[in-house]
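Trainee: Below is a structure I'd like to ask you about.
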Amino acid sequence: MLDGKVAVIYGAGGAVGSAVAEAFARHGAVVVLAGRTAARLESVAERIRASGGRAEAMPVDALDADAVEQHMAAIVARCGRVDISFNLIDVGDIQGTPLVDMAADDFTQPVNRAVRTHFLTATAAARQMKGTGGGVILALTAQCGRNPAPLTGGFGVACAAIEGLCRQLAAELGRDGIRVACIRSSGSVDAPGLSDLFDEHAAKEGITREELDARYAATTMLGRLPRLAEVGNAAVLLASDYARSVTAEIFNLTAGQLVD
């Protein structure tokens, strides 16, 4: 589905980023693994190569404007072009504290990080894609970007900001053949970071982790939350030509937790 495409994934050393990278590689993409920790990127690259895929580990700080531009130029010099850009870096959200008890910097940190990194990486990719006939820019948010939840700090606001940016980018870039889409997930419990967060929420509420998982599952129509592999599969579909008329889309991957 992605044969011959060049895809750059920011935050590729993380749980979601690596799952998406491996899914892209399975479907034929040349995957550029971007992030700040070279060792983690190389570990993902080795797994992909061992499975017969093609991957390049290219570290970058996706919050540094000059570094992002230089990194994009280096990708084009090495691979010839960029067809897909997916930003999955950690936005540094702080959860578990009511807003009335939260410091302003703790609340605004994920909003500032999310808006900055998505703007930098998406526009850098778009400038390259304009010269090669188009491409696809992807993002990932959570259900609290539309349906607010207590004790999520600035994370829901950051998700809403990412979705708004995606819509505006889609409106401006569509005539250049560039599609922009966002996957909205209800969270994957097989992602270590989310699993740790769920542990914290359960402890604060004085319930067991099993009780918390069951409560979340009960809020979905399918009775479960999406797995990491399903996020990767959704990304493959949206990045592929099967979705060539899909843009400005917030793709519902909440297992029926939200109804659009």
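The values are calculated or read from the model by the stated rules, or taken from the named source; none is laboratory data. No experiment lies behind these values; they were computed from the predicted model shown. As a convention, Cβ positions derive from the backbone with ideal geometry for all residues, glycine included, and neighbour counts pool all protein chains shown. Just so you know, the surface numbers come from the protein's heavy atoms only, side chains and all, with ligands and any DNA or RNA stripped out. Shrake-Rupley method; radii C 1.70, N 1.55, O 1.52, S 1.80 Å.
Trainee: Roughly how many Å² of residue 249 are accessible to a 1.4 Å probe, to the nearest 10?
Mentor: The accessible area comes out at roughly 70 Å².
Trainee: If you don't mind, there's one more thing I want to ask. Using a 1.4 angstrom probe on heavy atoms only, work out the carbon and sulfur share of the accessible area of the chain in %.
Mentor: 51
Trainee: Roughly how many Å² of residue 157 are accessible to a 1.4 Å probe, to the nearest 10?
Mentor: Per-residue accessible area (residue 157): approximately 70 Å².
Trainee: For segment 1-135, what's the relative contact order in percent, using C-alpha pairs closer than 8 Å and at least 6 residues apart?
Mentor: 25
Trainee: Rounded to the nearest 5, what % of DSSP beta bridges with both residues in the chain are antiparallel? Before the final figure, lay out the partial values.
Mentor: Details: 0 of 30 bridges.
Around 0 percent of the beta bridges assigned by DSSP in the chain are antiparallel ones.
Trainee: What's the extension gain from residue 241 to residue 54 if we count 0.36 nm per residue and subtract their Cα-Cα distance?
Mentor: Result for the pair: 65.3 nm of gain on full extension.
Trainee: Where the only charges are on Cβ atoms (+1 Lys, Arg; -1 Asp, Glu), what is the dipole of segment 150-260 about its Cα centre, to the nearest 20 debye?
Mentor: On the way: 10 positive and 15 negative charges, 65 e Å.
With only Lys, Arg, Asp and Glu charged at Cβ, the dipole is about 320 debye.
Trainee: Between residue 67 and residue 81, what length comes free when the chain is fully extended (0.36 nm per residue of separation minus the Cα-Cα distance, one decimal in nm)? List each step's numbers first, then the result.
Mentor: Details: separation 14, 0.36 × 14 = 5.04 nm, distance 1.77 nm.
3.3 nm is the gain from fully extending residue 67 to residue 81.
Trainee: Also, quick follow-up: Put +1 on the Cβ of each Lys and Arg and -1 on the Cβ of each Asp and Glu in the chain; which of 252, 222, 160 then has its Cα farthest toward the positive end of the dipole?
Mentor: 252
Trainee: Same structure again: Would you work out which of 77, 15, 87 lies farthest towards the positive end of the dipole of the chain, given +1 charges on the beta-carbon of Lys and Arg and -1 on that of Asp and Glu, about the Cα centre?
Mentor: 77
Trainee: How much solvent-accessible surface does residue 56 expose, in Å² to the nearest 10, with a 1.4 Å probe and all protein chains in place?
Mentor: 70
Trainee: Now a separate question. Placing +1 at every Lys and Arg Cβ and -1 at every Asp and Glu Cβ, with all other atoms neutral, what dipole size does the chain have around its Cα centre, in debye to the nearest 20?
Mentor: I would put it at about 900 debye.
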